[in-house]
Each structure stands twice: as C-alpha cells, then as structure tokens.
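A quick write-up on the structure given underneath.
The values are calculated or read from the model by the stated rules, or taken from the named source; none is laboratory data. Quick caveat: nothing in here was measured; it's all calculated off a predicted structure. Here the Cβ positions follow ideal geometry from the backbone for every residue, glycine too, while neighbour counts run over all protein chains shown. Please note that ligands, DNA and RNA were not included when accessible areas were found on the heavy atoms of the full protein model with its side chains. Shrake-Rupley method; radii C 1.70, N 1.55, O 1.52, S 1.80 Å.
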Amino acid sequence: MALDKALMDEARQKLYSAVISDVLDGHGNFDHAMGAHVRPVDESLVMVGTARTGLYMDVYDVAPGENPYDVEIALIDDLRPGDVPVFSCPQSGRVAPWGELLSTVAQVRGAAGAVMDGFARDIRMIRQMGFPVFCGGINPLDSKGRAKMMRMDVPVMCGGVKVCPGDLLFGDVDGVVVVPQAMAETILREAITKVSAENTVRDELRRGDSLKDVFARHGIL
C-alpha cells in the first residue's frame, strides 16, 4: 500500500538517515544501512521513495540482434511518482548502468531518485539536473556487453542490504537506509517524533546542561 504523500513530504523535510537508522535499531532491525561505498552524487539532496528493483548479472558479449537493455527499459518506462529504481549490480567493477538519460526519464516520470551498488556516469549533468542518485562509484563504462538486467521487481541485495519491491528508501549525505514496506509508516512517524525530541536535547545542551543530565531526562544521545 502506498504511503501517504503528506507523510512522505514531511519525512523529506524533517528527517535524516541517522534518525531513521536509530528507530529501526529500536525495532530490532539492524541490517538496514547500505555499505559506506554507496554515496550520493550530490550531497545536498535528500531522497525518499519506494523501491523498484533490478537484478543485473555479468555478461561478456552482446548476441546478434539482442537488445541488451530490454528489461532495464521496461523498468524505467514503468516508473511512477515516488518510485526509486534500485539496481543490484555485479561487484566486478565493470559497469555503470546509470547516467544522464536514465536520470532524465526517471525525473520526468516523477521518480524520487535512484540507487545502485554499481557505478554511475554523466555526473556533471546529473548534478545539474538536481536528481538524487546514490551509487557505488563513478566510472564511464556502459553496461552493454558487460552486464545486463535479468529480472525486475524481485528481491535483491544492494549495497549489502536486502531490498524488496515497495520497501522505503531514504538517502542523504550520510548514506542510504532501507525500511521494509510493512514497517515504513510506523518508522517514519516514530522518526519524526524522535527528531522533535532531539531538537529539545540540542537546545538543552546548547544552554549548558550536562550531557549526563540531558541523557537522564530524555534517553537520547
């Protein structure tokens, strides 16, 4: 079920990945942050959306008459507002499946961003577009003849975290966290409440209260 748009907008304005991570920890979900190598192309942007997954495999040629992008094109053309394409890539370091043109289509269709543990390219143009992209590195290598999306909308591992279609992704300068779909509304609402409490803690620390006393009052550190 789609999350309420107002809640998503509030999350985008008020939340950050660390507070969502803390709330997930509190629910016993500790495996939710993608590896530190998955970084934003533009550190000023925030991404909040729901996963549309693509699973890649290494290839070493293109068969005559084959369209190596057929599954990838089907996924991108089917994006809906708020979607986040999540590409699970081979870790052979041979492929940059995301660039300016996919960013253009995704942005026009209202996608909230894109995530991959492979590389991205056309970085200057993507930054100019203001489209949130999180990737495992920057490299000019196209996927053609190197990797191919074999399946879409299936559970994948991306950045060391399992991502299922419909899961919530939140990305900012600290990284990308994955929230299981069934928990998403609860986690976002609790995170918004926690941010309000952290603001109170920050104000008390700034006025000179000791960390010990503030922690005793609020249990937040």
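Points worth noting:
- Check on Asp77, of a type in the set (Asp, Glu) and open to solvent by less than 60 Å² (accessible area, probe 1.4 Å): no
- The selection criterion, being of a type in the set (D, E, K, R), open to solvent by 70 Å² or more (accessible area, probe 1.4 Å) and not in a strand (DSSP E or B), holds for Asp31.
- Within the range 62-155, strands (runs of 3 or more DSSP E) holding 1 or more residues that are closer than 20 Å to Leu169 by Cβ, in contact with a Cys (Cβ under 8 Å, 6 or more places away or on another chain) and not acidic (Asp, Glu): 83-88, 114-116
- Condition check for Gly82: at positive phi, of a type outside the set (A, V, I, L, M, F, W, C) and in contact with a strand residue (DSSP E or B) (Cβ under 9 Å, 6 or more places away or on another chain): yes
- Set Glu185, Glu190: member being of a type in the set (Asp, Glu), over 17 Å from the mean Cα position of the chain (by Cα) and over 23 Å from Val71 (Cα atoms): Glu190
- Evaluation of Ala6 against (1) modelled with pLDDT of 95 or more; (2) open to solvent by 40 Å² or more (accessible area, probe 1.4 Å); (3) among the hydrophobic types (A, V, I, L, M, F, W, C); (4) assigned to a helix (DSSP H, G or I) (one fails), failing number: (1)
- Yes/no for Arg124 being without any contact (Cβ under 8 Å) to a residue 12 or more places away in the chain and either under 21 Å from the mean Cα position of the chain (by Cα) or on the phi < 0 side of the Ramachandran plot (or both): yes
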